[in-house]
Each structure stands twice: as C-alpha cells, then as structure tokens.
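Here is the structure we will look at.
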Amino acid sequence: MKIMTCPVNGPRPLQEFVYGGDLTEMPCPDQATDEQWAAYVFERDGAPGLHKEWWYHAPSGVWFIAERDTGTDEICRTYLYND
Amino acid sequence: MPHRLLRFGLSKKYNEPRMFRSPEQLKKSYDVVIIGAGGHGLATAYYLARDHGITNVAVLERAYIGGGGTGRNTAIVRANYLTPEGVAFYDESVRLFQDLSADFDLNLFYSQRGHFTLAHSDASLRTMRWRAEVNKHLGVDSELVDTAFIKEKCPHIDLSCGGHAPVMGALFHPPGAIARHDAVAWGYGRGADQRGVEIHQQTEVTGILVEGDKVTGVQTNRGTVETSKVVCAVAGYTPPLLEMVGIKTPLVIQPLQACVSEPLKPWLDTIIVSASLHLYVSQSSRGELVTGASLDPYPIHSTRSTLDFVEGLSGHLLDLFPFLGDVKIMRQWAGLSDVTPDFSPIMGLSPVEGFYLDAGWGTWGFKATPVCGKTMSYTVAENKPHPLIEPFRLSRFKEFELVGEKGAASVGH
Ligand SMILES: Cc1cc2nc3c(=O)[nH]c(=O)nc-3n(C[C@H](O)[C@H](O)[C@H](O)COP(=O)(O)OP(=O)(O)OC[C@H]3O[C@@H](n4cnc5c(N)ncnc54)[C@H](O)[C@@H]3O)c2cc1C
C-alpha cells in the first residue's frame with residue numbers, strides 16, 4: 001500500500017488523498033495581460049521531474065502541498081501551504 | 001497445424017519476408033523525420049509517401065514499433081463525439097478504417113459491433129440526447145435508445161446494476177468497432193517501407209536542432225541527422241520532447257490501465273461503456289473480455305499496474321454482469337496518456353518552423369490513427385494545417401477557443 005504523509009494527520013494510505021493539480025502562482029487578475037492569464041490557466045510543466053502539487057486529505061478536509069517526482073512517484077516532502 | 005507453418009518451423013532458414021527493413025545506418029539527411037513509430041507516426045509516413053510522393057522519410061522509434069499506446073489500447077473505434085469539430089474528424093477516421101485491410105492486404109480484424117454508452121442518470125441521458133442530435137446532424141449513425149433495446153442487444157446485462165444506479169437508457173452508435181491494434185501499426189509500417197520510408201527502431205531522439213526559429217535536424221543515440229521538417233508523434237512522451245524546443249502546452253501525463261480476462265465462449269458482441277461506472281468492455285475475437293477504466297487519478301510517467309485498478313474495475317464489471325464472478329483476469333497493463341484540458345488533440349503547426357505537432361491523444365487516439373496520418377501528411381507536405389485539424393491548433397488555448405469534448409469523454413476510449 002502506498003502511504004502519503006498528511007501534514008496534519010500523519011501517514012495515511014494514498015486512497016484517502018485527492019490530487020489537486022500543480023501549484024501555480026496566480027498573476028494579478030487586474031494587471032495580467034490575456035497572454036499571461038492564458039499561460040497561468042493552461043500551460044503545464046508536463047515533463048517528468050520534481051513537482052510542487054496540491055493534494056487534499058479527503059476524510060479531514062486538509063489541503064496541502066506535496067513535492068513529488070512525477071517520474072518515480074516518490075513523495076519527497078509534504079507541508080501546509082503557509083509553511 | 002497448417003502445412004505452411006509446419007514447413008516454416010522445420011526449415012533451417014527462416015526466410016519468411018519481414019514486414020519492413022531495418023536499415024543499419026541513418027542517412028545524413030531526410031526530407032522529413034517523424035519521431036515515434038506508433039500508429040500515428042507510421043500512418044503519417046505512409047500517406048506522405050503514398051499521397052504526396054515524399055519518400056525520403058525516416059521514422060525514429062526509441063523502442064519497437066507499436067510499443068506505445070498503439071499496442072496498449074482497448075482498440076475501440078467510434079465517431080459519436082460531442083463537438084461538431086470532433087465528430088467530423090473522427091467520422092473521417094471511421095470511414096478510412098473501412099477499407100484499410102484491403103489497402104494493406106493485411107487482416108486488421110476490424111469488427112463492427114455497435115457501441116452503447118449507458119446512462120445511469122437524467123443528466124447523462126440529457127448529454128446522450130445532445131450527442132445523438134449533433135451526430136445525426138453531421139450524418140453519423142447514433143441514437144438514444146431505451147432499456148428494452150439494450151436488453152435485446154445485450155441479454156446478459158443486469159440493467160438494475162446491482163441496485164445502485166440502474167441503467168436508464170443509452171446512446172447507441174451502430175458503427176462502433178474494435179480492431180487489432182498491432183496490425184494497424186504493422187500495416188502502415190509495411191506500406192510506408194514498401195514506398196521507400198525508413199523505419200529505425202531502437203533510435204531515441206535526444207535533441208532537436210533549431211536555428212533561429214527553424215528546425216535543422218535531430219540528435220539521436222545513433223547520431224545526428226539533418227532535416228527541415230520534424231513531426232512529433234510520441235503521444236504520452238510529448239512533454240520531454242517539447243522541452244527540447246521550448247514549446248509550452250497544457251499536456252499532463254497520466255497512466256491509463258486496462259486488462260483482459262481469460263477467454264470465454266462468445267457472449268458479448270457489442271461494446272458496452274458506462275461513464276458513471278468508469279468502465280468499458282468488449283469481447284475480442286479470441287474470446288477475452290477487454291476492459292478498461294478511467295485515467296489513473298494523478299500524473300506519473302510510468303506504465304506500472306495497480307491492484308486498486310483491477311479491484312475497482314472488477315467491481316464495476318460485476319455490477320453490470322454479475323455472472324462473471326468466477327472469471328479470472330489474465331493480464332493487466334498500462335500506457336501513458338497525454339491529456340489536454342478540453343479532451344481534444346493538439347495538432348498542426350507550432351511556433352517553431354518545420355516542427356509539427358501530433359499530440360494530446362489522451363485516451364482517445366487509436367481510433368484517430370488513419371485520419372491523423374491523412375491530415376498530418378497534408379499539413380507537412382503543404383506546410384499549412386489540414387482544414388479538419390485547424391480547430392485543434394496549439395494556439396487555441398491562448399485564444400480561449402477550446403474544443404470541449406470533456407462532456408462526452410469522462411471515460412476514456
Ligand atoms: C489502456 C489504454 C486504452 C486505450 N483505449 C483506447 C481506445 O479504446 N480507443 C482509442 O481510440 N484510443 C485508446 N487509447 C489511446 C491510444 O492508445 C493512444 O492515444 C494512441 O495509441 C496514440 O498513438 P500514437 O501513435 O500517437 O502514439 P504511441 O503509440 O504511444 O507511439 C509513440 C511512440 O513514440 C516513441 N517515443 C517516445 N519518445 C521517443 C523519443 N524520444 N524518440 C523516439 N521515439 C520515441 C514511443 O516509444 C512510442 O512507440 C488507449 C490508451 C491506453 C493506454
């Protein structure tokens with residue numbers, strides 16, 4: 001069984017978690033050009049490598065960040081967004 | 001045992017003709033280099049040679065032909081999509097499939113079965129009606145049918161679905177078919193080879209040479225070749241290749257898994273799909289049930305299989321066909337899907353001159369193999385997008401002109 005560590009609840013089976021997409025920084029909606037906004041909405045870093053991702057622990061409703069290698073599926077670090 | 005096979009087995013020399021040559025050396029330059037010897041790359045080479053007279057072409061494959069998504073899919077061919085752009089495109093592909101066996105002189109086991117997409121709720125019935133109307137408007141055979149019709153065509157189904165979410169109706173698409181996917185790759189490969197195209201297996205593209213904004217060649221593990229036109233047809237391997245030329249896309253790679261059961265006597269001659277149960281199933285000509293589910297829940301660049309997948313899938317298969325309880329699963333596997341946010345492909349020209357994209361095939365690209373070959377070869381030969389693929393251009397994202405197939409394809413196939 002694959003285990004992920006929720007920063008609040010500790011190690012839990014992966015089945016309890018939901019993937020929420022890559023962490024991307026939103027440009028200021030008032031100032032961004034259409035092109036910058038499109039890049040924010042659509043451009044993804046799809047190649048294998050270390051990614052910062054949003055994950056959700058469904059039973060407890062915690063959203064957090066995981067650093068995961070999408071090539072090897074190794075979860076390197078998990079922490080709350082503000083940490 | 002057939003006589004010929006016996007003689008072949010006993011002969012000292014295995015002189016059966018090969019499907020295609022294996023040239024020892026790469027040439028110094030080619031008019032067109034195609035990366036990826038999946039169905040799409042080989043079909044593009046085939047039509048470049050056959051329809052456009054461009055034969056100084058190399059198809060470079062890092063492993064073996066058809067070893068990517070082409071040899072891993074559940075082989076469903078259909079045209080009952082949701083958007084007019086998608087319907088016109090996939091319908092042309094279904095049409096091209098019809099005489100492909102004769103064209104290749106190779107039996108593709110193309111088998112028209114009729115394709116049911118089951119609806120388990122009012123909301124999905126509404127989408128089915130929408131799809132049926134779009135399909136009919138564009139001349140594609142497709143209609144909404146009731147449960148009595150489903151039962152008549154597929155008597156073994158439990159329409160109560162184990163009591164959870166009873167089937168309320170379905171979208172029925174008579175032209176829905178399955179085909180032998182390896183043979184599609186071999187047929188295109190042999191046909192391209194016979195017309196002078198070179199297929200190089202075990203040849204990985206490791207870099208793409210660009211001067212100014214123009215492609216000038218590709219680097220491989222077997223040396224560098226010059227070319228002014230490169231077609232990128234590597235489906236689930238697209239993002240690392242695009243990094244080589246600095247093109248950004250929305251593509252995200254997720255595995256898609258499938259499995260087959262032990263062979264059974266023929267009992268299922270239609271293709272059954274349920275988006276709510278994340279399930280599709282057909283019975284192959286060998287009697288195996290070929291089944292698949294939806295995409296794995298998060299991105300990984302790996303073709304590993306999981307127990308979660310077979311457990312989930314078997315449960316849903318039993319909801320519809322409880323009598324399969326004792327049937328064994330024989331094999332499971334995975335392939336990589338390059339998924340777009342609107343579930344439509346990314347095809348055509350790119351910001352780099354001479355670099356052509358055939359990507360974004362997600363869970364739906366096998367059925368598109370012939371039409372991709374046709375339209376990509378035109379696009380490369382004319383250096384302008386074929387009208388059928390214009391809506392699938394990469395720039396649609398920054399123009400906010402998506403082609404939303406998502407509503408129709410929550411289950412991949
Ligand atoms: C389990 C599963 C079920 C599916 N079911 C269906 C279905 O029922 N119907 C349907 O229409 N579609 C289905 N699909 C989707 C379909 O299989 C793919 O979209 C399609 O096969 C893509 O074909 P392709 O020729 O573009 O790519 P592929 O067949 O994936 O070929 C790409 C090739 O590029 C090679 N390559 C990669 N990188 C390099 C490099 N650097 N240098 C050289 N070569 C390289 C790879 O080795 C590979 O052989 C399914 C997919 C999966 C995984």
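May I ask which residue of B:VAL327, B:GLY312, B:PRO385 lies farthest towards the positive end of the charge dipole of the stretch B:310-398, with charges of +1 (Lys, Arg) and -1 (Asp, Glu) on Cβ and the Cα centre as origin?
B:PRO385
With +1 on each Lys and Arg Cβ and -1 on each Asp and Glu Cβ, how big is the dipole of the stretch B:115-243 about its Cα centre, in debye rounded to the nearest 20? Spell out each step's value before the answer.
Values: 12 positive and 15 negative charges, 51 e Å.
Dipole about the Cα centre, nearest 20: 240 debye.
Please label the shape of the stretch B:1-110 as rounded, prolate or oblate, based on the square roots a ≥ b ≥ c of the eigenvalues of the alpha-carbon gyration tensor (a/c under 1.5 means rounded; beyond that, a/b larger than b/c means prolate, else oblate).
Working: a/c = 2.16, a/b = 1.29, b/c = 1.68.
Here the stretch B:1-110 falls in the oblate category.
Of A:VAL41, A:VAL18, A:VAL62, which is the most mobile in a GNM of chain A whose springs link Cα atoms less than 10 angstrom apart?
The residue that fluctuates most here is A:VAL41.
Computed FRET efficiency, Cβ-Cβ of B:LEU318 and A:MET1, R0 25 Å: what is it to the nearest 0.05?
Values: r = 23 Å, r/R0 = 0.92.
With a Förster radius of 25 Å, E is 0.60.
In chain B, what percentage of the DSSP-assigned beta bridges are antiparallel, given to the nearest 5? If you can, show how the numbers build up before the last one.
Values: 45 of 64 bridges.
Of the beta bridges lying entirely in chain B, close to 70 percent run antiparallel.
How much length, in nm to one decimal, is gained on full extension between B:THR224 and B:GLU211, taken as 0.36 nm per residue of separation minus their Cα-Cα distance?
Here the segment from B:THR224 to B:GLU211 would lengthen by 3.2 nm.
Cα gyration tensor of the stretch A:23-83, axes a ≥ b ≥ c as square roots of the eigenvalues: rounded (a/c below 1.5), prolate (a/b > b/c) or oblate? Please report the intermediate quantities before stating the final value.
On the way: a/c = 2.75, a/b = 1.48, b/c = 1.85.
Oblate is the answer for the stretch A:23-83, as a/c is 1.5 or above yet b/c matches or exceeds a/b.
Nearest 500 deg cm²/dmol is fine: what mean residue ellipticity at 222 nm does chain B get from its DSSP H runs of n ≥ 4 alone, each adding -39,500 (n - 2.57), divided by its residue count?
Working: 10 runs with 115 residues, N = 413.
Computed mean residue ellipticity for chain B: -8500 deg cm²/dmol.
Could you pull out the GluC sites (Glu not before Pro) across the stretch B:1-100 that fall in loop regions by DSSP (anything but H, G, I, E, B) with no more than 15 other Cβ atoms inside 10 Å? Working shown, then result.
On the way: sites: B:GLU24, B:GLU61, B:GLU85, B:GLU92; in loops: B:GLU24, B:GLU61.
Sparse-neighbourhood loop GluC sites (Glu not before Pro): B:GLU24.
Of B:LYS229/B:LYS398; B:LYS248/B:LYS374; B:LYS27/B:LYS229, which ones are farther than 22 Å apart at the Cα? Let's see the in-between values first.
Working: B:LYS229/B:LYS398 25 Å; B:LYS248/B:LYS374 26 Å; B:LYS27/B:LYS229 15 Å.
Beyond 22 Å between Cα atoms: B:LYS229/B:LYS398; B:LYS248/B:LYS374.
Given the options B:SER142, B:SER377, B:SER395, which has the most mean-square fluctuation in a GNM of chain B, springs set between C-alpha atoms less than 10 angstrom apart?
B:SER395
Quote the FRET efficiency, to the nearest 0.05, computed for B:SER160 versus B:LEU264 with a Förster distance R0 of 25 Å and r equal to the Cβ-Cβ distance. Mind dumping the intermediate values first?
On the way: r = 23 Å, r/R0 = 0.91.
Given R0 = 25 Å and the Cβ-Cβ separation, E is 0.65.
Can you tell me how much longer the chain between B:SER121 and B:LYS151 gets when fully stretched, taken as 0.36 nm per residue apart minus their C-alpha distance, in nm with one decimal?
Details: separation 30, 0.36 × 30 = 10.80 nm, distance 1.77 nm.
Here the answer is 9.0 nm.
Taking chain A as a Gaussian network, where each spring joins two C-alpha atoms under 10 Å apart, which residue of A:ASP73, A:ASP34, A:ASP22 fluctuates the most?
The residue that fluctuates most here is A:ASP34.
Under 24 Å from the Cα of B:LYS367, which lysines turn up, not counting those fewer than eight places away in the same chain?
B:LYS136, B:LYS153, B:LYS384, B:LYS406
What is the sum of charges around B:ASN56, taking Lys and Arg as +1, Asp and Glu as -1, for the other residues whose C-beta is under 10 Å from the C-beta of B:ASN56? Let's see the in-between values first.
On the way: positive: B:LYS27; negative: B:ASP31, B:GLU198.
Local charge sum for B:ASN56: -1.
Pull out the extension gain between B:GLN201 and B:GLU382, defined as 0.36 nm times the separation in residues minus the alpha carbon to alpha carbon distance; nm, one decimal.
Numbers: separation 181, 0.36 × 181 = 65.16 nm, distance 2.75 nm.
Here the answer is 62.4 nm.
Please tell me the relative contact order of chain B in percent, rounded to the nearest whole number, where contacts are Cα pairs under 8 Å and at least six residues apart. Spell out each step's value before the answer.
On the way: 929 pairs, mean separation 95.0, N = 413.
Reported relative contact order: 23 percent.
For the stretch B:131-192, just say rounded, prolate or oblate: build the C-alpha gyration tensor, square-root its eigenvalues into a ≥ b ≥ c, call rounded for a/c under 1.5, and beyond that prolate if a/b exceeds b/c, oblate if not. Before the final figure, lay out the partial values.
Values: a/c = 3.46, a/b = 1.75, b/c = 1.98.
Because a/c hits 1.5 or more and a/b fails to exceed b/c, the stretch B:131-192 counts as oblate.
Only the coordinates and a few stated rules stand behind these numbers; no lab work does. Remember, predicted model here, so these are calculated numbers, not experimental data. Note that we place each Cβ from the backbone using ideal geometry, even for glycine, and neighbour counts take in every protein chain shown.
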